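The values are calculated or read from the model by the stated rules, or taken from the named source; none is laboratory data. Note that this is a predicted model, so its numbers are computed, not measured. Positions of Cβ are backbone-derived with ideal geometry, glycine not excepted, and every protein chain shown enters the neighbour counts. Calculation scope for accessible area: heavy atoms of the full protein, side chains included, ligands and nucleic acids excluded. Shrake-Rupley method; radii C 1.70, N 1.55, O 1.52, S 1.80 Å.
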Amino acid sequence: MTLRIVRVHDEVTLLEWQQVHNEIVPTAALSVDEVRERATRNVLEVAYDGDVLVGCSTVRPPDADTPAETVIARVLPPYRRCGFGETLYQHCLAQTQGKGVETHILATNVDGVRFAEKHGFLEVETYLLPGDTVPFVLMRLG
């Protein structure tokens, strides 16, 4: 396994990031314009095994509402349990200042919740986005 991680920098990588995000978080699918806007304030990356798209990630700096940094590593289901999530997560974590790290996971993503718990994240709360029926789990690194 050789994971290649590339920062979103053009239309192709932007669309690939969107594809992975929307497959893993279908209840909060993002438009191309929403992804483009997020790329101006967050580090968005895509991950490949060779030339095969296997995941994406988000590293969000703290802001006025959230003093913690947010790290989200997403791996498409067929590529889970192959070490890609671990590599992507460690890559993202290395980009933080370590002053508090949190993640947000769709509650139905049992693999994602287990992965976060395995890495020391503890559930802080569950919440619904407006109009949603499936909650997200906010977890902080303990």
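Would you be able to say whether some residue in segment 3-20 is at pLDDT 95 or above, in a loop (DSSP other than H, G, I, E, B), open to solvent by 50 Å² or more (accessible area, probe 1.4 Å) and not aliphatic (A, V, I, L, M)? If you could, list the steps in order and put the result at the bottom.
First pass over segment 3-20, keeping only residues at pLDDT 95 or above: 4-20.
The next check asks that each one be in a loop (DSSP other than H, G, I, E, B); those that pass are 8-10.
Pick out the ones that are also open to solvent by 50 Å² or more (accessible area, probe 1.4 Å) and you get 9-10.
Now restrict to residues that are not aliphatic (A, V, I, L, M): 9-10.
Yes, there is a match, as at least one residue in segment 3-20 is at pLDDT 95 or above, in a loop (DSSP other than H, G, I, E, B), open to solvent by 50 Å² or more (accessible area, probe 1.4 Å) and not aliphatic (A, V, I, L, M).
Residues checked against (1) in contact with an Asp or Glu (Cβ under 7 Å, 6 or more places away or on another chain); (2) assigned to a strand (DSSP E or B); (3) modelled with pLDDT under 95; (4) under 23 Å from ARG4 (Cβ atoms):
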{"site": "ARG36", "(1), (2), (3), (4)": "no, no, no, yes"}
{"site": "LEU53", "(1), (2), (3), (4)": "yes, yes, no, yes"}
{"site": "THR58", "(1), (2), (3), (4)": "no, yes, no, yes"}
{"site": "GLY98", "(1), (2), (3), (4)": "no, no, yes, no"}
{"site": "ASP111", "(1), (2), (3), (4)": "no, no, yes, yes"}
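Output the residues belonging to segment 72-95 that are part of a loop (DSSP other than H, G, I, E, B) and in contact (Cβ under 8 Å) with a residue 60 or more places away in the chain.
CYS82, GLY83
Only one residue in GLU102, GLU125, GLU69 is open to solvent by 30 Å² or more (accessible area, probe 1.4 Å) and without any contact (Cβ under 8 Å) to a residue 60 or more places away in the chain. Which one?
None of the other options fit; the residue is GLU125.
Look through VAL54, VAL43, VAL59 and report the one residue that is among the hydrophobic types (A, V, I, L, M, F, W, C), under 18 Å from THR13 (Cα atoms), crowded, with 18+ Cβ neighbours inside 10 Å and in contact (Cβ under 8 Å) with a residue 40 or more places away in the chain.
Step by step, each of VAL54, VAL43, VAL59 is checked, and only VAL54 is among the hydrophobic types (A, V, I, L, M, F, W, C), under 18 Å from THR13 (Cα atoms), crowded, with 18+ Cβ neighbours inside 10 Å and in contact (Cβ under 8 Å) with a residue 40 or more places away in the chain.
Mind checking whether some residue in segment 98-110 is at positive phi, touching a strand residue (DSSP E or B) at 6+ places or on another chain (Cβ under 9 Å) and among the small types (Gly, Ala, Ser)?
yes
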